[in-house]
Amino acid sequence: MKKYLGLTLIVVGVLMLVGLKLVRLTFINLLLLVPLLLIIVGGVLHVWQLKRESRY
């Protein structure tokens with residue numbers, strides 16, 4: 001699971017954004033900030049893990 005933590009954070013962030021859109025809570029900026037941060041942190045973590053595992 002640790003190997004896919006970055007991708008998991010991205011998927012959770014996207015699902016949260018979709019859920020917020022479905023229940024029409026997109027006017028509350030704080031609720032939109034949490035999934036955005038999850039997606040950004042997940043992307044950075046995923047790239048960092050790929051770089052760490054690479055030989056180059």
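Got a sec? Charge dipole of the chain, +1 on Cβ for Lys and Arg, -1 for Asp and Glu; which of Val11, Val47, Leu30 is way out at the positive end?
So the residue furthest toward the plus end is Val47.
May I ask you to give the solvent-accessible area per residue for the chain, in square angstrom, as obtained with a 1.4 angstrom probe?
I get 84 Å² per residue for the chain.
With a 10 Å radius around each residue's Cβ, average the other Cβ atoms per peptide and rank 38-49, 12-23, highest first.
The packing order, highest mean first, is 38-49, 12-23.
In Å and whole numbers, how far do the C-alpha atoms of the chain stretch along each principal axis, longest first?
Per principal axis, max minus min of the Cα coordinates gives 46, 18, 13 Å.
Defining a contact as two alpha carbons under 8 Å apart and six or more residues distant in sequence, what relative contact order in percent does the chain show?
50 percent
For the pair Val23 and Val41, how long in nm is the line joining their label points, each one 7 Å along Cα→Cβ?
2.0 nm
For Arg52 and Tyr4 in one chain, what is 0.36 nm times their gap in residues minus the Cα-Cα distance, to one decimal in nm?
15.9 nm
The values are calculated or read from the model by the stated rules, or taken from the named source; none is laboratory data. Note that the structure is a prediction, hence the values are computed from the model and not measured. Methodologically, a virtual Cβ is constructed for each residue, glycine included, from the backbone with ideal geometry; neighbour enumeration extends over all protein chains shown. Remember, those area values only see protein heavy atoms, side chains included, never the ligands or the DNA or RNA. Shrake-Rupley method; radii C 1.70, N 1.55, O 1.52, S 1.80 Å.
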